[in-house]
């Protein structure tokens, strides 16, 4: 065996017993051997370190482009300072987001949401809106308390889509929509407006899981679709249901690419014309398997949508180490949608796709 | 079952960096970006420069976290601010003198300059390895990376590069590594 192989074996932890002992003794007694080993290890450490740092850099760039936009530009930093002082701490977040204007090339598909992107001249208006919102929101809560019935008093300042992932009242949606929310309601034609809270989020994938607070709402849920961990092929037919407006809207197309924006392999590119409000909707294959979640589109190109792969979402749910928390997906023994025609599939899926209404007040 | 997500503490972030926890990384990145952005932009930097400085700061922290004995003896915010400040000052000094520096954080940690120094030295060394590797050419560079970084087996490597058997591949790897050492070390210790 060459000495280099001996080094490699030692570093890989493959030396045992008397071999290991002999190796360690030689390190101690033979200074040339020791020096050669140290050089060997230094070189290989540097190689590995280069690799580690590169992958960390890639992750950081990805996080950056999700949260601060690839081309975030500064309009005026002084302005944000003044605002911070005048409006207090909580407002500072909104102010800096507005002042550090975001020129995001990937549009996030929630309706509204322009609030934070307004430019300098409109910043003063922001606070009034925020105050107004707070008032309306209290009104809504009051209404819900007294009547407990459907109310359309106020439009939410952000709306999008979400869908059930199990029979316990868990609803998956987009993180960019619910991030910083004061209150989040969901509703559809089968379910009256009901309040939810965020119980999980993964900003790197832009997903969040909401839980319906009132357990009675999901009492009789029987989700018809399965969450599909495998990827499907380019050219395969796909469809989605979402709430670009108050009523549910169906969209279909095909899988255009196995990777998304910036060659992100956590996403698919799809040819479904998605619109603001589609964010957080399920992406299904012809058999009614959920294969992804609608994320966004390129603002400059029509008919180009992106969806986060189910596979990545499942992975994200199972790697929450903090509390070793896991979120269970409903997995019906049989996919009841497989042999149905599309309109029948939609009838069964629609009750589990929700209009998500987000109220933010800071 | 699921508990509501707790607020991450400084030690959660450090633990997260150590374990490659992407949720913690993302949360950390978001938490202090604006602080560093504000500092760099207020001191003659662009937002692109701020992004670079901030990411390098996270990498310095990552390097420190990899040392199991590393204990943070100040607030994480102070550490990050101090490292970023140090990195940016070095950039500014390259282009001339620094006057009227605007600060946005009260505490500045003196130790940070040492950490930045050893980080830059490390970066230089890595750069040198990468240069040596590119001088080495193909298939040596890829072969070494496959074996040492991607941890591919000799059998897989021999198949990938079309060697007749894994002993041949092993021989090739040996020669490549010796050449790399010759390029990298001025006086490399030859032992075989």
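Looking across the range B:15-46, just one residue is buried (at least 22 other Cβ atoms within 10 Å of the Cβ) and touching a residue at least 60 places away in the same chain (Cβ under 8 Å), and that is B:39. Which of the residues that make up the range B:16-26 are over 17 Å from residue A:203 (Cα atoms) and facing another protein chain (nearest Cβ under 9 Å)? Passing the criteria: only B:19. Restricting the range B:27-47 to residues that are facing chain A (nearest Cβ under 9 Å) and farther than 17 Å from residue A:204 by Cβ leaves a set whose member that is farthest from the chain's Cα centre (by Cα) is B:42.
Of the residues making up the range A:64-77, one or more are at pLDDT 85 or above and part of a helix (DSSP H, G or I).
On inspection, residue A:224 qualifies as touching a helix residue (DSSP H, G or I) at 6+ places or on another chain (Cβ under 6 Å), more than 14 Å from chain B (Cβ to nearest Cβ) and surrounded by fewer than 22 Cβ atoms within 10 Å (Cβ to Cβ). With respect to (1) modelled with pLDDT under 80; (2) out of contact with any strand residue (DSSP E or B) (no Cβ under 8 Å at 6 or more places or on another chain), the lone exception for residue A:344 is condition (1). Scanning the range B:98-125 for residues that are free of Cβ contacts under 8 Å to residues at least 60 places away in the same chain and in a loop (DSSP other than H, G, I, E, B) returns B:98, B:99, B:100, B:101, B:106, B:107, B:108, B:109, B:110. Of all the listed residues (A:172, A:205), the sole one being in contact with a helix residue (DSSP H, G or I) (Cβ under 6 Å, 6 or more places away or on another chain), surrounded by 23 or more Cβ atoms within 10 Å (Cβ to Cβ) and within 14 Å of chain B (Cβ to nearest Cβ) is A:205. Being within 14 Å of chain A (Cβ to nearest Cβ), within 15 Å of the chain's Cα centre (by Cα) and without any contact (Cβ under 8 Å) to a residue 40 or more places away in the chain, is that true of even one residue in the range B:59-72? For the range B:59-72, residues within 14 Å of chain A (Cβ to nearest Cβ), within 15 Å of the chain's Cα centre (by Cα) and without any contact (Cβ under 8 Å) to a residue 40 or more places away in the chain: present. What is the number of the single condition among (1) touching a residue at least 24 places away in the same chain (Cβ under 8 Å); (2) buried (at least 16 other Cβ atoms within 10 Å of the Cβ); (3) under 20 Å from residue A:54 (Cβ atoms) that residue B:49 does not meet? Among (1) touching a residue at least 24 places away in the same chain (Cβ under 8 Å); (2) buried (at least 16 other Cβ atoms within 10 Å of the Cβ); (3) under 20 Å from residue A:54 (Cβ atoms), the lone unmet condition for residue B:49 is (3). Within the range A:187-196, the presence of at least one residue that is surrounded by 14 or more Cβ atoms within 10 Å (Cβ to Cβ), within 14 Å of chain B (Cβ to nearest Cβ) and over 15 Å from residue A:167 (Cβ atoms) is confirmed. Determine if the range A:35-52 includes at least one residue that is under 19 Å from residue B:184 (Cβ atoms), more than 9 Å from every other protein chain (Cβ to nearest Cβ) and without any contact (Cβ under 8 Å) to a residue 24 or more places away in the chain. Yes, the range A:35-52 contains a residue that is under 19 Å from residue B:184 (Cβ atoms), more than 9 Å from every other protein chain (Cβ to nearest Cβ) and without any contact (Cβ under 8 Å) to a residue 24 or more places away in the chain. Restricted to the range A:182-276, the set of strands (runs of 3 or more DSSP E) holding at least 2 residues that are under 22 Å from residue A:170 (Cα atoms) and touching a residue at least 60 places away in the same chain (Cβ under 8 Å) comprises A:183-187, A:194-202, A:207-212, A:237-242.
The values are calculated or read from the model by the stated rules, or taken from the named source; none is laboratory data. Given the structure is predicted, the values throughout are model-derived calculations rather than measurements. Cβ coordinates were reconstructed from backbone atoms using ideal geometry, including for glycine residues, and neighbour counts include every protein chain displayed.
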